[in-house]
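Accompanying notes for the structure given below.
The values are calculated or read from the model by the stated rules, or taken from the named source; none is laboratory data. As the structure is a computational prediction, the values presented were derived from the model and not from experiment. Here the Cβ positions follow ideal geometry from the backbone for every residue, glycine too, while neighbour counts run over all protein chains shown.
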Amino acid sequence: MLTKVLAEAIVNETSKVLSLNVNIMDLEGIIIASKNPSRISQFHEGALMVLKKKKVIKIFKEDTQKYQGTQEGINIPIEFNNEIVGAIGITGNPNEIEEISNIVKMLAELLLKQAHITSANEFKNIQQSLIIEELLQPSINIVNLKRLLFNLDISVENKYLISVMETNNHFETNTKEYFIFMNDLVTRATLHKKMSISRYLLVFDLFKQPMETVINDFKNFINLSKNIKIVYTAPIDNITNLKFAYEECELLLNLNIESNIINYQNHLLEGMLAQIPLNAAKKFLHNPNYQFILDNEELLSTFINSNLNVTIAAKALFIHPNTLKYRLNKIQKESLLNPRNINDIITIKFIIWLNQFTFQQNKL
């Protein structure tokens, strides 16, 4: 479809390389864009002849009286998908501008194809956004969903990987390769939607892209910037389960998990803890004995991540093992929980995770 906006773009681009006047005419022979504004909306009989005869029409100075609204020049059909969608008129001696007219025709048709691709991508993005919005509703309108999925040739029953990517899009800290890779990753997703200024929901069809390939892409992307976090869930076998999987990803992103790629299956306990109501979590943490645990969160997290090994934890904390032992004894005395006891360390870890979750929720 040759629109007025696109016609004006063709005139603007050709004007950069031509000093001659260029007119764009629609299927009725009306000038819809011109380097000479006074000619816009005028009827151009030469263009109508181009559209009827489907060939180039040359109009010499002595012929201008024969064709209404014309000047000396050459008129060429604009083709798209093997159909004529309009005509270009270039003012000048037809014999002198014939060669350059072919270049103008190629440029116009190239811009038309580019505009069509852009329009198709915009349509696809809108459709994807509507699909995701429908899938995130408390109750899915299955008829509407199937209609939207049909437009993009997406199946309801299939294996899909659901992921949420949190990015840092600061131009001053990210490279050109970062933005190219991110755009490629997002566009290769079967469905994608920007959920906030820094978070993207990405859905990958695992029949089209193996899970190993997608995870490797995540790893390669993170190598370009450490300010990225990607959470993904176990594959779902029905697209209608997207809402539950998306909420799982959001839960983990709101926890302070020290990893750039987070598989929900490896953090099931944290995911369950994060579903505790905020008021209940705050009430639980209000116990004064737990404050000393929270004051030593970094030390205890390092100790836990070191598999309760004092030597390894002390080295990671840059302190002497005896200093760490002293602090662990102090924590036991103040909190009544022994960090060296397996049952108590589970409670301690629970307290730390719950505190991290409530802190993140208060920021939202």
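Points worth noting:
- Tally, over region 131-158, of residues that are touching a strand residue (DSSP E or B) at 6+ places or on another chain (Cβ under 7 Å) and either surrounded by 14 or more Cβ atoms within 10 Å (Cβ to Cβ) or at positive phi (or both): 3
- The set of residues from region 292-316 being polar (S, T, N, Q), assigned to a helix (DSSP H, G or I) and crowded, with 16+ Cβ neighbours inside 10 Å comprises SER301, THR302.
- The condition of being out of contact with any Cys (no Cβ under 9 Å at 6 or more places or on another chain) and within 21 Å of ILE257 (Cα to Cα) holds for THR347.
- In region 94-130, residue surrounded by the fewest Cβ atoms within 10 Å (Cβ to Cβ) [restricted to those that are of a type in the set (S, T, N, Q) and within 17 Å of LYS16 (Cα to Cα)]: ASN102
- Scope region 13-54; condition within 44 Å of the chain's Cα centre (by Cα) and either hydroxyl-bearing (Ser, Thr, Tyr) or loosely packed, with under 12 Cβ neighbours inside 10 Å (or both); matching residues: THR14, SER15, LYS16, VAL17, SER19, SER34, PRO37, SER38, SER41, LYS54
- Test: residue in region 74-88 that is in the same structural domain as THR14 (by TED's automatic domain parsing), surrounded by 18 or more Cβ atoms within 10 Å (Cβ to Cβ) and in contact with a Gly (Cβ under 7 Å, 6 or more places away or on another chain): yes
- Number of positions in region 24-35 that are out of contact with any helix residue (DSSP H, G or I) (no Cβ under 6 Å at 6 or more places or on another chain) and within 17 Å of SER101 (Cβ to Cβ): 1
- Residue count for region 40-64, restricted to those that are more than 13 Å from PRO94 (Cα to Cα) and among the acidic types (Asp, Glu): 1
- Within region 172-190, the set of residues being over 26 Å from LEU251 (Cβ atoms) and part of a helix (DSSP H, G or I) comprises LYS176, GLU177, TYR178, PHE179, ILE180, PHE181, ASN183, ASP184, THR187.
- Boolean, ILE293 is free of Cβ contacts under 8 Å to residues at least 60 places away in the same chain and in contact with a strand residue (DSSP E or B) (Cβ under 8 Å, 6 or more places away or on another chain): no
- The combined condition, being within 21 Å of ILE10 (Cβ to Cβ) and not β-branched (Val, Ile, Thr), is not fulfilled by GLU62.
- Within region 178-198, residues that are within 26 Å of LEU148 (Cα to Cα) reach partners that are of a type in the set (A, V, I, L, M) and in a loop (DSSP other than H, G, I, E, B) with beta carbons closer than 8 Å, at six or more positions or on different chains, in the pairs THR190/ILE154; LEU191/ILE154.
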